[in-house]
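For reference, the structure is listed below as structure tokens.
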Amino acid sequence: MAHEPKGQDRKQRPGEQKPEEQRAGVQLAWLLRRWWEEAGNAPGGTRPTQQALASKVGIDQTTLSRYLNPKHTSNAPPRVVETLHTHLRAPAAELERARELCRAALEENSRQRAGGPEPEPTGGTGTPDGGAGGTDGPGAPNRRRSRWTVLTLVAAAVVLAFVAGTVVRDQYAPGSRTPTDGAAAGAVPVSGVPTEEALQWPLLLKEEGDQFARGRALQHLLREEEYEVKADGFFTDETQEAVMDFQRRKHLSPDGKVGKHTWPQLVKELGPGAEGHAVLALQELLNNTGQGGTEVSGRFTAATADDLRFFQRSHGLVPSGRSDVQTWLSLLVFQSPPAHAPEYQRGTSPLPSAPA
């Protein structure tokens, strides 16, 4: 029997980072592990091995082990949670709770990728809970800090407003854009229209290190354009030459760098029934966004559409289940770093059975 995490009833102070055992992802892992461990408790029931269970769910055993491990940062996506609930015959009343934890875990992961750790409390300097302290009477240090905080925030807002106005002016001034990818990584949002979070296309270029899911996605998109490159994530001379030839075909500056002008020309709108290397690229990115569990098969299945809709809803996009340009941009931006390179580099692509 798995032990449930302790400390769930302690109240959290304002601005305090959640203890590890209170995080939604940890609670979800405990819940899923309990489902698995209790699967054989029913009369005549037999708990499946993780290998057998992973096969039924449609994922590999390593991925399933991560989902059942409270100490791992990978969290099961909704489709996997619901499938586990069915195969393990878990209590019906716990399914909705699992869905809530799944949504909360994805939000936690998105916040951590976007902004790092949660901010420390700024309530005061006298006592740990921001109470009275110092020599100027009760709460005096807090009041001084509050006044300085307000003034600082006002000044910062004025500066940001000025900078934003300058950026917008320069961005939309006539003739301000040139067809080159050699500038900073994705200085202009897709199609010149700023998004809510001002997302920018990542810049990939030739270098020695593994560029992981983004690199493999790029190479699959090049293979979709009939370039014979190896989809291993390493941006070598072979990949650079293919990029440059593609840029010349699209009348772009052939600098061999993939950024704000080349990505939109490479990505494709895909939907259920699509097959090929562009689908492999989409699934590579979707599987590495933090929700995990997307099968990288080169076939756009109903499960792929469900995972894509969940990603779109979680990032403020229209949940169409199709990969429009804005969805590709968000997928490329919100990529999780590999947990440890050797396992990640074993790669799910190119597959011998992948469509040509």
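The values are calculated or read from the model by the stated rules, or taken from the named source; none is laboratory data. The model shown is predicted, which means the values in this text are computed figures rather than measured ones. Using ideal geometry, Cβ is built from the backbone for each residue, glycine included, and neighbour counts are taken over all protein chains shown. Only protein heavy atoms, including side chains, enter the accessible area calculation; ligands, DNA and RNA are left aside. Shrake-Rupley method; radii C 1.70, N 1.55, O 1.52, S 1.80 Å.
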Task: Whole-percent carbon and sulfur share, accessible surface of segment 211-308, 1.4 Å - done: 41
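With every protein chain kept in the model, how would you rank D306, D232 by accessible area, 1.4 Å probe, largest at the top? Can you show the working numbers first?
On the way: D306 75, D232 45 Å².
Ranked from most to least accessible, the order is D306, D232.
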Open item on the list: At 1.4 Å probe size, what's the solvent-accessible area of K268? Round to the nearest 10 Å².
Closed with: 70
- [ ] Calculate one ³J(HN,Hα) per residue across segment 101-109 by plugging θ = phi - 60° into the Karplus curve 6.51 cos²θ - 1.76 cosθ + 1.60, and present them in order as whole Hz with x for glycine and proline.
- [x] 5, 4, 4, 5, 5, 5, 5, 4, 5
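What are the GluC sites (Glu not before Pro) within segment 257-298 that DSSP puts in a loop, where the Cβ has at most 15 other Cβ atoms within 10 Å?
Numbers: sites: E269, E275, E284, E295; in loops: E269, E295.
Passing sites in segment 257-298 are E269.
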Open item on the list: Heavy atoms of the protein only, probe of 1.4 Å, neighbouring chains included. What is the accessible area of R299 in Å², nearest 10?
Closed with: 100
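When the solvent-accessible surface of protein heavy atoms is calculated with a 1.4 angstrom probe, in what order do T239, T62, T83 fall, highest first? Before the final figure, lay out the partial values.
Numbers: T239 0, T62 60, T83 35 Å².
Ranking T239, T62, T83 by accessible area, largest first, yields T62, T83, T239.
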- [ ] Note down the accessible area of W30, probe 1.4 Å, to the nearest 10 Å².
- [x] 60
Open item on the list: Using a 7 Å offset from the Cα along the Cα-to-Cβ direction at both E241 and R99, what is the distance between the two label points in nm, to one decimal?
Closed with: 5.3
TODO: Could I have the simple spin-label model distance between V318 and K250, label points 7 Å from Cα toward Cβ, reported in nm to one decimal?
DONE: 2.2
- [ ] For K56, K71, give the ranking by accessible area with the largest first, probe 1.4 Å.
- [x] K71, K56
- [ ] May I ask which of K56/K268; K206/K268; K206/K250; K230/K268 have a Cα-Cα span longer than 28 Å here?
- [x] K56/K268
